[in-house]
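The values are calculated or read from the model by the stated rules, or taken from the named source; none is laboratory data. Given the structure is predicted, the values throughout are model-derived calculations rather than measurements. Every residue, glycine as well, gets a Cβ built from its backbone with ideal geometry; the counts of neighbours run over all protein chains shown. Protein only, heavy atoms only, side chains kept; ligands, DNA and RNA dropped before computing areas. Shrake-Rupley method; radii C 1.70, N 1.55, O 1.52, S 1.80 Å.
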Amino acid sequence: MVQSGQSVGCQAGLIESFSHRAMAQHNLFAALRAAFPAELDTTAVETDSGLNYSWRDLDRATAMVANLLQSLDLPAGSRIAAHTEKSVEAMVLYLATLRAGYVYLPLNTAYQSTEVEYFIGNAEPAVVVCASRNFGWVSKIAFKAGTQYVFTLDEDRTGSLLERAAMHSDVHTVAPRQADDLAAIVYTSGTTGRSKGAMLSHGNLLSNARVLKDYWGWKADDVLIHALPIFHVHGLFVAIHGALLNGSKMVWMAKFDPKTVLSHLPKATVFMGVPTLYVRLLAEAGLTPESSRNMRLFVAGSAPLLLETFKEWTARTGHTILERYGMSETVMLTSNPYTADARFQAQSERRGATVGFPLPGVDLRVAGDDDAPLAVGEIGGIQVRGPNVFSGYWRMPEKTAEEFTADGYFRTGDVGQVDTRGYVHIVGRSKDLIISGGYNVYPAEIEGYINELPGVAESALVGVPHPDFGEVGVAVVIAKPGVQPQPGAIVAALKTQLANFKIPKHCVLVSELPRNAMGKVQKNLLRAQYQALFS
Ligand code: MLC
Ligand code: AMP
């Protein structure tokens, strides 16, 4: 029974902690805005098409879009979905969503209607922003799912979002948010079933950005070449937060093109890319110590960087790539060292084929099937805990519970080991996942689509090495008796339903699939059979 004295004490405590909470400002945008340089008229973003945006432009544009969003009188926690091509204005929409205190939901524009329908149906965004050419089908899906507003935004700075925002004030007070308030939902496909929305808070994103600021030695006079898409963690969070939190300029590329990157390299200091970007840059004769003379940091991640790429890069440029490891659910987890900073670790060597050390604040362990930590050098599941780790999957409490251990570690699904010097190595994945050019492809999802096609009895999708994309999918298909579906027709049919990066790069018809005693398809045998297909 609660006695009255206890009850009063408890209330007072609540009021005190509530008023303390109300005063604190943990909105990620507030921290980014506070890092803008004092001289607001200097260039914040220079685009590859020759446009310049000052820090004042970013401040005013995010204020106008945030005021527009707030004028819509949306419920707290509303999701703002963006299915827009990469542009500075698309970044402004992201920042304005934070600024107004809503939740950003990025969607890759490669996603087709069935994929978009699932994400919008699951996340139920109050606002959807899409390219005007897609307005017809996207708005139909959105309104059916209960979305209140659909705006358009195009790469040429046109569309109803900007027209409406222009009617609003360019002054805006950042919405107060707590560290555990939701800032973004990033969808990541599941090994079985449908995609899951990883819920990331202002605190998750800001704590990670602050750690990377120190760990990678960001400086105000850095210039970042931003050449990645902004639908995913790498381009949206790691790159954008990195530059903004340091008041550093970005050279903004709508699309990765190696020649364009090289033409801007002499004036840049930081570059971030998935391994495919490094492979494509290495194919350019213009990549030399001279063209990269002002660079201080090349960061790689999102997929394994081959040791040969790592070594060739050093030989060609004189710079050592810094490889790091992260996930949609956790942002960045580990990194090779930037310097031998005693605050972080004594080691200064960036080692190829490793992802470095757990970042400050990240608890990382390699565990066995029973979740017990394994000894140094032993191989097991990588589990992590820390202020950067998400709170769970959107409206999927059971899936969330499955992925966390009893003592609060998140099971990454990556398999690895920690060596005697403390470097983390990723040696495989327990999740059935193909990473192609830095994009994740879940075989179960693609197989589901293939199996629905006429004449198909069953299929298996396996990842095989590819010189450009690192890994690509090969579809191995069994036909229904008496039918002969054409591999070309299967691929063509998939192209109408799935994002381009999920399309198998090769499709083959076979009479049977190798199976183990339990009847399960032995994908390792298929992988071995097709592994030289692209080499
Ligand atoms: C394009 N295609 C791909 C593909 N990208 N196929 C497989 N994998 C990919 N990643 C298709 C195209 O549709 C086309 O098909 C054909 O392959 C050739 O395309 P391309 O012109 O060469 O592709 P391009 O447009 O140049 O794109 C390649 C790329 C892009 C590497 C620049 O995929 C990319 O930007 N990847 C980065 C992904 C990323 O940012 N990942 C971060 C996730 S965050 P067709 O049939 O039309 O010829 C994360 C966490 C972390 O993982 O740790 O960071
Ligand atoms: P995503 O769900 O798109 O965030 O992808 C996260 C996955 O990418 C991780 O679970 C890893 O499997 C993989 N990944 C990210 N960085 C690296 C890296 N440096 N080396 C190997 N795999 C990586």
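Odds and ends about this structure:
- Exposure of Trp252 as accessible area (Å², to 10), given a probe of 1.4 Å and all protein chains: 10 Å²
- From most to least packed by mean Cβ count within 10 Å, the peptides 457-463, 395-401 give 457-463, 395-401.
- Note that the chain presents 42 Å² accessible area per residue, ligands and nucleic acids not counted, probe 1.4 Å.
- Rounded percent of accessible protein surface that carbon and sulfur make up, the chain, 1.4 Å probe: 54 percent
- Taking packing as the residue-averaged number of other Cβ atoms within 10 angstrom, the listed peptides 523-533, 260-270, 44-54 run from highest to lowest as 260-270, 44-54, 523-533.
- The solvent-accessible area of Arg79, taken with every protein chain present and a 1.4 Å probe, is close to 30 Å².
- FRET efficiency, Asp73 to Asn134 (Cβ-Cβ, R0 30 Å, nearest 0.05): 0.70
- Chain lengthening between Glu378 and Ala489 when straightened (0.36 nm per residue, less Cα-Cα): 35.4 nm
- Filter on Lys399/Lys523; Lys213/Lys399; Lys144/Lys196; Lys213/Lys505; Lys144/Lys480 - keep pairs with C-alpha separation over 27 Å: Lys213/Lys399; Lys213/Lys505; Lys144/Lys480
- Summarising the amide proton neighbourhood of Val427: residues at separation of 5 or more, or on other chains, whose placed amide H is nearer than 5 Å comprise Val415, Gly416, Gln417.
- Gap separating the Cα centres of the stretch 410-468 and the stretch 469-535, nearest whole Å: 14 Å
- Phi angles of the stretch 31-43 translate, via the Karplus equation with coefficients 6.51, -1.76, 1.60 and θ = phi - 60°, into HN-Hα couplings of 5, 5, 5, 5, 8, 4, x, 4, 7, 6, 8, 7, 6 Hz per residue; Gly and Pro are given as x.
- Protein-only accessible surface order, largest first, of Val415, Val483 at 1.4 Å: Val483, Val415
- Converting phi to 3J(HN,Hα) with the Karplus coefficients 6.51, -1.76 and 1.60 and the offset θ = phi - 60°, the stretch 147-159 yields 4, 8, 9, 10, 10, 10, 8, 10, 5, 8, 6, 10, x Hz in sequence order, with x at every glycine or proline.
- Burial order of peptide ranges 129-138, 272-281 (average beta-carbon count within 10 Å, highest first): 272-281, 129-138
- Where labels lie 7 Å past Cα in the beta-carbon direction, separation of Glu402 and Arg527 in nm: 2.1 nm
- Phi-derived couplings, Karplus 6.51 cos²θ - 1.76 cosθ + 1.60 at θ = phi - 60°, listed residue by residue for the stretch 462-474: 10, x, 10, x, 9, x, 9, 8, x, 8, 9, x, 10 Hz, with x used for Gly and Pro.
- Rolled with a 1.4 Å probe across the full set of protein chains, the surface gives Ser201 an accessible area near 10 Å².
- Secondary-structure-derived ellipticity at 222 nm for the chain, considering helices only, amounts to -9000 deg cm²/dmol, per-run term -39500 (n - 2.57) for DSSP H runs with n ≥ 4.
- Stokes-Einstein D in µm²/s, Kirkwood radius over Cα pairs - the chain at 25 °C with 0.890 mPa s viscosity: 100 µm²/s
- Based on the Stokes-Einstein relation at 25 °C and a viscosity of 0.890 mPa s, and on the Kirkwood radius from alpha carbon pairs, the stretch 355-429 is assigned a translational diffusion coefficient of 192 µm²/s.
- Rounded to 5, percent antiparallel among DSSP beta bridges of the chain: 60 percent
- With the biggest extent put first, the Cα atoms of the stretch 180-303 measure 46, 33, 22 Å across the principal axes.
- Amide hydrogen neighbours beyond the local backbone of Ser78, cut-off 5 Å, H modeled: Val103
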